[in-house]
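A short worksheet on the structure shown next.
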Amino acid sequence: MKLNLPVLLLNGTVLMPNDEIKLEFNDELSKNIIDESEYFHDKKIFIVTKLSLEEDISIMDLPSIGTIAKITRKLKLPNGNIRINIKGVERGYVIEYLNPSPNMIESFVSSFPTEEIKGEIKDGLIRKLYSELEEYIEKVPYVSNGILSLISGIDDLGKITDIMASNLSMDNFKKFSYLMEPNSIKRAEMLLEYIDKEEQLFNIEEKIDTKVKKEIDKDQKDFYLKSKIELLKRELGEISPKEEEVEKLKLKINNLNVNDTIKEKLLYELNRYYEMSNISPELSVVRNYIETMISLPWGIYTEDIEDLSLIKEYLDKTHYGLDEIKDRIIEYLAIKKHSSMLKSPILCLVGPPGVGKTTLAYSIAKSMNRNFVKISVGGVDDEAIIKGHIRTYLGATCGKIIDGIKRAKSSNPVFLIDEIDKMSSNYKGDPNSALLEVLDPNQNKYFKDNYIEEEFDLSKVIFITTANDINDIPLTLRDRLEIINIKYYTEYEKVEIVKKYLIPSICKNHGISNIKISDENIINIIRHYTKESGLRQLERMISKIVRKIVMDSLLSSKRVSKTVSNIKKYLGEYIYDTNNTINDIGVVNGLAYSTYGGDVIQVETTYYDGEGNITITGDLGNTMLESAKVALSYIKANYKEFNIDKKIFKSDIHINVPNSKIKKDGPSAGVTITTSIISSLSNFKISNEVAMTGEITLRGNVLKVGGIKEKIMGAYINNIKIVFIPFSNMNDLNKIPNDIKDKMTFVPVKNYKEIYNYLKKHNDI
């Protein structure tokens, strides 16, 4: 095999076949070589070792043998450098070096032909290498026995010699000579000679060590004297501020509830810190690491409240409704009493902004007597933000998880991770996978942050995550979460929340006694000044009223009433009108929902002289466009039953869904589009108090759709009286409050003709 590959010169580094190394570059030339390999050579590159100290070297002086390698990973660092992992594939023989541009070297290389080695010779050499290596590892303690596992089971002599040469502690000149030797039998002989010489050197070193041990007593004596001197300095008040600081840190380290390995590591780092010069740039790095480790709540846990009735009472006091999540927390605590093996739940609160996801998580923590901490991962695209940076990087810090634990000051807080549906991935890594390691109960007991480099137990933490849209959460992450939907509050729930929570809280913050707003006026505020599933805009409107009352009381000499009767006086004219839909031919109300709740959308149709074309506008998605085509085909196939003149289909038909600023998609508008077309072509009106939802087929069957609960709430807010829903969605009506169902008529249908006949019977046609 012959290849044309870019050349990467390595100073004093030898890459053997079957070995992998990490390299980091900051010069533009090396970056360009890496880019050329990646984009034009399938990430393949030719590695040539330069052992000469000369800066400039002629291509005539380059070795004729190098390593054909492949880039396995590429990472752009924050400082602009490029870090790559590169793996040796095989030796390459240089046919010719080329200079396509200044400073850039390319090579025309060929692989070495496959060696033919007799079985007896190969097997004998492999056994000899393995036994000699095993004996060498037993005798020499600083040689890792991991080499044995690397070559175990390999039957290729060439591969074994390359792996051994890569992993034995030999200098670069010797490694280079192994690389230059293409014959695997000769390489095996060279390795056996090297191992024999190293064993002899070790025997000599052992004899020297025996003599050196006699000097240890002297070193111990020196240590004793130094300790005495330090004690005398302390008595004389001559201890430096740094020595005092080290003593305090040592005391904290010894008091940590950690294993001996971590303590020994911290004491080692503390000793490094003590011996460093005060002007050393590494001084603050070591100091920050020690401080971070000391400040973590190793083995510190708060005690949960055991009385479940008190927890339930607190949750009911702070949050209206939301019974599902309250019951889930009580269930967890009840089972926890009976089993210490129970893993903490990973709850995911999904819902639009303002429904109280964050405040509910805070209340859960307070009700259980646990500390609370919150982080946001919205916009995070680097896994190091979750798991921390490697300590050797300049400005390295621990990740958001460990930083949150540090702020929580306990190892079992309620930990809120906000906006998990807004993370993204790029060349910096996948933060979703990093977060999975945090949340997975099978992994988080041994969570290791890159900065602290030690395992920290997260299994006692109650993780609560939040998201606006469940579809944006990666599937692998979603699989670990217990999804609890908090999609909206009904008008009646909002009225109770305003009276029991918002008004008292807002008035207290503004320094006045509670104002009085009637239920009717609260509903007017909800309907005409807010259009949301949550409470944020509603809270802003109540705050605006309170501010105006405070201002009026300060400006007026008369006593200002705190009973709010005229809403428009405080909030101005209505922002939203309920059911401002028009009542006209070809205009029909459909129902839609998003992460922000349900709403009424209008579909309008008209026709005019043309050639039978169809135009569809309104920023519609592909699914909705298909629904429109299905609806028209169904009508054409059944035009007689709908009293439509066949000639009219020669006209051009235009279907529009107003408000083109919002993208609309989904199959649930099928029956609405069908009704709009029939209304236009048959010249009749549909009442604007009628709305419908359902997917339609070419046979007119009405199929099940999602979001019925949200759609009905949107219809109710817009004064819709009659709603057509698919028959298969009937069970969803059980989720609708009775006081809302009593004010609306729901018509379940299996086929579109049931809608047509109902409207005809009730004089809408």
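The values are calculated or read from the model by the stated rules, or taken from the named source; none is laboratory data. Predicted model only: the values in this text are computed from it and were never measured. Here Cβ is always computed from backbone atoms with ideal geometry, including for glycine, and neighbour counts include all displayed protein chains. Please note that ligands, DNA and RNA were not included when accessible areas were found on the heavy atoms of the full protein model with its side chains. Shrake-Rupley method; radii C 1.70, N 1.55, O 1.52, S 1.80 Å.
Which one is most open to solvent (accessible area, probe 1.4 Å), of the residues in region 628-639 that are touching a residue at least 12 places away in the same chain (Cβ under 8 Å) and touching a helix residue (DSSP H, G or I) at 6+ places or on another chain (Cβ under 7 Å)? Give the steps one after another, and end with the answer.
Our first condition is that a residue be touching a residue at least 12 places away in the same chain (Cβ under 8 Å); within region 628-639, this holds for 628-638.
Now restrict to residues that are touching a helix residue (DSSP H, G or I) at 6+ places or on another chain (Cβ under 7 Å): 628, 630-632, 634-636.
Values: ALA628: 0, VAL630: 40, ALA631: 0, LEU632: 18, TYR634: 3, ILE635: 0, LYS636: 86 Å².
Across region 628-639, the extreme among qualifying residues is LYS636.
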Being surrounded by fewer than 23 Cβ atoms within 10 Å (Cβ to Cβ), small (Gly, Ala, Ser) and touching a Gly at 6+ places or on another chain (Cβ under 6 Å) narrows it down to one of SER651, SER687, so name that one. SER651
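Counting only residues that are under 21 Å from LYS460 (Cα atoms), give me the helices (runs of 4 or more DSSP H) lying completely in region 357-433 with at least 3 of them.
On the way: elements: 357-368, 383-387, 400-408.
Fully inside region 357-433 and qualifying: 357-368, 400-408.
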Among the listed residues SER131, SER52, SER110, which satisfies the condition of being small (Gly, Ala, Ser) and under 46 Å from the mean Cα position of the chain (by Cα)? SER110
I'd like the full set of residues that are closer than 23 Å to HIS319 by Cβ, open to solvent by less than 50 Å² (accessible area, probe 1.4 Å) and out of contact with any helix residue (DSSP H, G or I) (no Cβ under 6 Å at 6 or more places or on another chain), limited to region 369-381. ARG370, SER376
Return the residue satisfying two criteria in turn: it lies in region 295-306 and is within 17 Å of GLY404 (Cβ to Cβ) and either polar (S, T, N, Q) or open to solvent by less than 40 Å² (accessible area, probe 1.4 Å) (or both), and of such residues it is farthest from the chain's Cα centre (by Cα). THR302
Could you tell me whether region 518-528 includes any residue that is outside any helix (DSSP H, G or I), surrounded by 15 or more Cβ atoms within 10 Å (Cβ to Cβ) and touching a residue at least 40 places away in the same chain (Cβ under 8 Å)? no
Restricting the first residue to region 707-721 and requiring it to be under 11 Å from THR745 (Cα atoms), which pairs with a second residue that is of a type in the set (Asp, Glu) and not in a helix (DSSP H, G or I) meet a Cβ separation below 7 Å and a spacing of at least six or different chains? ILE720/GLU689; LYS721/GLU689
Just checking, which of ILE512, ILE497, ILE506 is β-branched (Val, Ile, Thr) and either surrounded by fewer than 17 Cβ atoms within 10 Å (Cβ to Cβ) or assigned to a loop (DSSP other than H, G, I, E, B) (or both)? ILE512
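Just to check your reading of the model, which residue among SER676, SER627 is closer than 30 Å to ILE575 by Cβ and of a type in the set (Gly, Ala, Ser)? Walk me through how you get there before you give the answer.
Working: SER627 fails: closer than 30 Å to ILE575 by Cβ.
Going through SER676, SER627 in turn, just one is closer than 30 Å to ILE575 by Cβ and of a type in the set (Gly, Ala, Ser): SER676.
I need the full set of residues from region 727-759 which are of a type in the set (D, E, K, R) and loosely packed, with under 14 Cβ neighbours inside 10 Å, in order please. Before the answer, list the steps.
Initially, region 727-759 is screened for residues of a type in the set (D, E, K, R), giving 732, 735, 739, 741-743, 750, 753-754.
Within region 727-759, LYS735, ASP739, ASP742, LYS743 qualify.
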Scanning region 131-167 residue by residue, the ones that are open to solvent by 20 Å² or more (accessible area, probe 1.4 Å), under 19 Å from ASP19 (Cα atoms) and in a helix (DSSP H, G or I) total 6
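Within region 395-403, identify whether any single residue is open to solvent by 10 Å² or more (accessible area, probe 1.4 Å), at pLDDT below 85, closer than 27 Å to ASN288 by Cβ and not β-branched (Val, Ile, Thr), and answer yes or no.
Checked against the condition, which is being open to solvent by 10 Å² or more (accessible area, probe 1.4 Å), at pLDDT below 85, closer than 27 Å to ASN288 by Cβ and not β-branched (Val, Ile, Thr), region 395-403 yields at least one hit.
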With the first residue restricted to region 606-627 and required to be without any contact (Cβ under 8 Å) to a residue 40 or more places away in the chain, and the second required to be open to solvent by less than 90 Å² (accessible area, probe 1.4 Å), Cβ contacts under 7 Å at 6 or more apart or on different chains are LEU625/ILE616
